[in-house]
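Take a look at the structure below.
The values are calculated or read from the model by the stated rules, or taken from the named source; none is laboratory data. Values in this document were obtained by computation on a predicted structure and should not be read as measured data. Backbone-built Cβ (ideal geometry, glycine too); neighbour counts: all protein chains shown.
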């Protein structure tokens, strides 16, 4: 871990040294290019993933309503295995991926904000989107676009230059906050489990029709 932090600090110092050798106009050009590139990548990321993140059933199993074989027992085993892989293994990995990537983007887009607050903000946004998805997917989609792009707008208004050294410093602090990351990550997973549990109750009790859930999954 110490070696990784040392490499990050070396990279930060190398970047600062290289940029300082350029004339002022070139430094401004580099900062402008990095800002445009960062905003572009961030916008593409949000645009590509907001529909995916805002879906109630992120990994729909369309074939679950069809018979896989002529043997009901094998069908149940196959569908149970698929459910296990989808919700117990793949989904937590996707949640962690979103949380990690979104946190990194916030680190790049925020300056002078404590890294622990960035981790909290990222967890709140993801958890809010997932909670909204179980109420109305349209609301979740609006949140998935509105919140990230609002942060982007605040960054554009407040930002003057791209501070690469500050970004690397924030990233270097992440390993020391593993416990907080684990807590926020487990909170998101626990919220998802609770929401899924109530969804099953509503469907089985007739409060929410199963056909509506299937439409959501499609």
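Descriptive notes on the structure:
- Taking residues in the range 177-206 that are at negative phi and without any contact (Cβ under 8 Å) to a residue 12 or more places away in the chain, and partners anywhere that are surrounded by 12 or more Cβ atoms within 10 Å (Cβ to Cβ) and part of a helix (DSSP H, G or I), the pairs with Cβ atoms closer than 8 Å and at least 6 places apart or on different chains are 203/213.
- Residue in the range 58-75 that is at pLDDT 75 or above and either in contact with a strand residue (DSSP E or B) (Cβ under 9 Å, 6 or more places away or on another chain) or not in a helix (DSSP H, G or I) (or both) present: no
- Scanning the range 21-32 for residues that are in a helix (DSSP H, G or I) and either surrounded by 12 or more Cβ atoms within 10 Å (Cβ to Cβ) or at pLDDT below 75 (or both) turns up 27, 28, 29, 30, 31, 32.
- Residue that is surrounded by the fewest Cβ atoms within 10 Å (Cβ to Cβ), among those in the range 100-154 that are outside any helix (DSSP H, G or I) and at pLDDT below 85: 112
- Residue 97 being more than 30 Å from residue 125 (Cβ to Cβ), at pLDDT 80 or above and surrounded by fewer than 16 Cβ atoms within 10 Å (Cβ to Cβ): no
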